[in-house]
Amino acid sequence: MKRVLIVNNLLGYHGAENVLKNFVNHLDKKKYDVTVLTLQESSRELLDNDVKYKFIFKKGNSILDKIGNKIKLILGYEKLAHSYCKGYDIAIAFKMGESAKLVGYSSCEKKYCWIHSNVSALDEEYSYSFGSLEEEKSFLKRFDAMVAVSEFCKKSFMKKYGETIPVSVILNPVDVEDIKKKSKEKFSDQEDMFMGGDEPVIGTVARMDEDQKKISRLINISFRLKKEGIGHKLVLIGDGPDYRNYQDEILKKNGNQIYLCGFQKNPYKYLAKFDLFICSSRWESYSIVVNEALVLGIPVISTRCGGPEEVLEQGRWGELTENTEEALYESMKRFLLNKNQKQVVGYDVEFPMRNFMQGVHELLER
């Protein structure tokens, strides 16, 4: 049995953390002894019981906790790697940056690092745990391969870091069984009030981050459609740095057709009630939530922003628009005025997880 270590900043319900959960819970535990290591102490409730869990920095406000964390910071990545990452056959950094630095310094026989971002479009020239781009490039050569979550991600990485480091592609998975189960959870009476009724429900599930997700596009379009007398409800699920800004804008303009719902532990019960899912992003590495909408049979409109083109197979499973607010407006308006829109049919809901695990097993058995 091979001992596998997966390192990430934390555990949670967002993006890469959600993929990490699917990754470790679906690994064959008869072949792999799996441990998850996070930098910050997190709740392990998302991990199956047969997955081991440990962390470096304790989440606490006591003097002893703070002193312990300070000492660990002083030790540095190399010494922390020797303390926390030893004794494993395979180590995987599930994000670039700090996680990669820990795994890179480890003595594990095989080392891999996942790429979840459009790295060539980020404002930062290099990951903040390094001193320069050249230092980071040199350090990444410690890995046997980088793993991109889409062809778009791979091209972005190679554009920034060159072709000296091997890059594999393993598309992000979705847990179909879990999504369908959670989508059937009942609403509270208050939730029924805005999710029910005759008006079509359009919306998104995203981090409220204007720089990437461009949620302001949806808010502006909703007000424009309302002014034109085109009835609808816009439901926005998620939190993030721009949540308050969106909230203020909606209140300022009396957007009673817009429901800003914040973070939801189970977004699938909302997603299942959407008549239309929209991805308004400037860029996406893959877009798991577009995949999740398709699993639930929800029609999708997305900007051409990288990953969604791969998920939608260049328009086979949903509509792709130019990456502008005006293009999104035209598509959303056309959808709402067309009373005969149908749900997605024929989408192979099994392949994302099956192909993902096949790719992972091939990687680990090299």
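Which residue, Ile278, Val311, Val51, has the largest displacement toward the positive end of the dipole of the chain when charges sit on each Cβ (Lys, Arg +1; Asp, Glu -1)?
The Cα lying farthest towards the positive end belongs to Val51.
Defining a contact as two alpha carbons under 8 Å apart and six or more residues distant in sequence, what relative contact order in percent does the chain show?
Working: 650 pairs, mean separation 47.4, N = 366.
Normalised by residue count, the contact order of the chain is 13 percent.
Could you size up the charge dipole of the chain around its Cα centre, putting +1 on the beta carbon of Lys and Arg and -1 on that of Asp and Glu, and report it in debye to the nearest 20? Could you put the intermediate results ahead of the total?
Numbers: 55 positive and 53 negative charges, 150 e Å.
Dipole of the chain, to the nearest 20 debye: 720 debye.
How many nm is it between the label spots at Glu177 and Glu365, if each spot is 7 Å from the Cα in line with the beta carbon?
2.1 nm
Could you provide, to the nearest whole Å², the per residue accessible area of the chain with probe 1.4 Å? Write down the numbers at each step before the final one.
Values: 17320 Å² over 366 residues.
Each residue of the chain exposes 47 Å² on average to a 1.4 Å probe.
At a 1.4 Å probe, what is the % contribution of carbon and sulfur to the accessible area of the chain?
Values: 8270 of 17320 Å².
Roughly 48 percent, rounded to a whole number.
Any idea of His26's accessible area? Nearest 10 Å², probe 1.4 Å.
Looks like 70 Å² after rounding.
Report, to the nearest 10°, how far helix 351-364 tilts away from the longest principal axis of the Cα atoms in the chain, using its own Cα long axis and a range of 0 to 90°.
10 degrees
With charges set only on the Cβ (+1 for Lys and Arg, -1 for Asp and Glu), what does the dipole of region 221-366 come to about its Cα centre, in debye to the nearest 20?
Numbers: 19 positive and 20 negative charges, 156 e Å.
That gives region 221-366 a dipole magnitude of about 760 debye.
Translational diffusion coefficient of region 224-334 at 25 °C, 0.890 mPa s, Stokes-Einstein with Kirkwood Rh over Cα pairs, in µm²/s as a whole number. Display every interim value, and only then the final one.
Details: Rh = 14.9 Å.
Stokes-Einstein gives a translational diffusion coefficient of 165 µm²/s.
Tell me which of Ser120, Phe157, Phe356 sits at the most positive position along the dipole axis of the chain, charges placed on C-beta atoms (Lys, Arg +1; Asp, Glu -1).
So the residue furthest toward the plus end is Phe356.
Let me cross-check Cys261: its accessible surface, 1.4 Å probe, with only protein heavy atoms counted, in Å² to the nearest 10?
30 Å²
Distance cut-off 30 Å, Cα to Cα: go down the list Lys59/Lys86; Lys54/Lys214; Lys30/Lys160; Lys58/Lys252; Lys95/Lys182; Lys31/Lys186 and report the pairs above it. Present the calculation step by step, with values, prior to reporting the outcome.
Numbers: Lys59/Lys86 23 Å; Lys54/Lys214 36 Å; Lys30/Lys160 39 Å; Lys58/Lys252 41 Å; Lys95/Lys182 27 Å; Lys31/Lys186 38 Å.
Table pairs above 30 Å Cα-Cα are Lys54/Lys214; Lys30/Lys160; Lys58/Lys252; Lys31/Lys186.
Rounded to whole Hz and in sequence order, give me ³J(HN,Hα) for region 240-245 from the Karplus expression 6.51 cos²θ - 1.76 cosθ + 1.60, θ = phi - 60°, writing x for Gly and Pro.
With the stated coefficients, region 240-245 comes to x, x, 9, 4, 5, 4 Hz.
Once each part is reduced to its C-alpha centroid, what is the distance from region 31-62 to region 255-332 in angstrom?
What the calculation gives is 32 Å, centre to centre.
The values are calculated or read from the model by the stated rules, or taken from the named source; none is laboratory data. These numbers were taken from a predicted model, which means no experiment stands behind them. FYI the Cβ positions are ideal-geometry reconstructions off the backbone, even for glycines, and counts take in every protein chain you see. The area values use the complete protein model at the heavy-atom level, side chains included, leaving out ligands, DNA and RNA. Shrake-Rupley method; radii C 1.70, N 1.55, O 1.52, S 1.80 Å.
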